[in-house]
Amino acid sequence: MKRVIICSIILATIITQSIISLAILRHKNNEFSDLIDQAVTLNQSGQQDKALEKTKEVYDYWQDYYKKISFLIQSSKLDNISYSVAKLKPLLEMDSEDFFAECSMIKVGIIVIYDSEYPHFYSVF
């Protein structure tokens, strides 16, 4: 009987940790996506200086995000997003249309990461 209780506790702990990890990932993704949207909006409204500041915030947030999320996700999945985040400032300074494409790629990348970590029925069994 003790084994059943111990196994139940271990299983409950694993499920709780998984739910907490998904909640953290979702919260961080939403915050990151909001920062990117703000940078795009500032750039579209012609506020180049504020857009550059917001892009710096995006970069800083990504550095913090990477440190916190890298224990949950393989770093190879995060590398493409790191490359895109690093390109944002130079693209904005050159006033390139690729800035919007990179922002979209980052947002798609974080969505793909969340979807790959979400425990779908077919992936569990």
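Worth a mention:
- Contacts under 8 angstrom Cβ, first residue in the stretch 45-61 being more than 22 Å from residue 28 (Cβ to Cβ), partner assigned to a helix (DSSP H, G or I) and charged (D, E, K, R), 6 or more apart: 52/89; 52/93
- Subset tally (residues that are within 20 Å of the chain's Cα centre (by Cα), more than 30 Å from residue 119 (Cα to Cα) and surrounded by fewer than 16 Cβ atoms within 10 Å (Cβ to Cβ)) for the stretch 45-83: 3
- The residues listed here are 21, 96, 104, 33; of these, the one that is surrounded by fewer than 16 Cβ atoms within 10 Å (Cβ to Cβ), modelled with pLDDT under 90 and within 17 Å of the chain's Cα centre (by Cα) is 21.
- All of (1) within 17 Å of residue 53 (Cα to Cα); (2) surrounded by 19 or more Cβ atoms within 10 Å (Cβ to Cβ) hold for residue 86 with one exception: (2).
The values are calculated or read from the model by the stated rules, or taken from the named source; none is laboratory data. Treat the numbers as computed from the prediction; the structure is a model and nothing was measured. With ideal geometry, Cβ positions are generated from the backbone for all residues, glycine too; neighbour counts draw on all protein chains shown.
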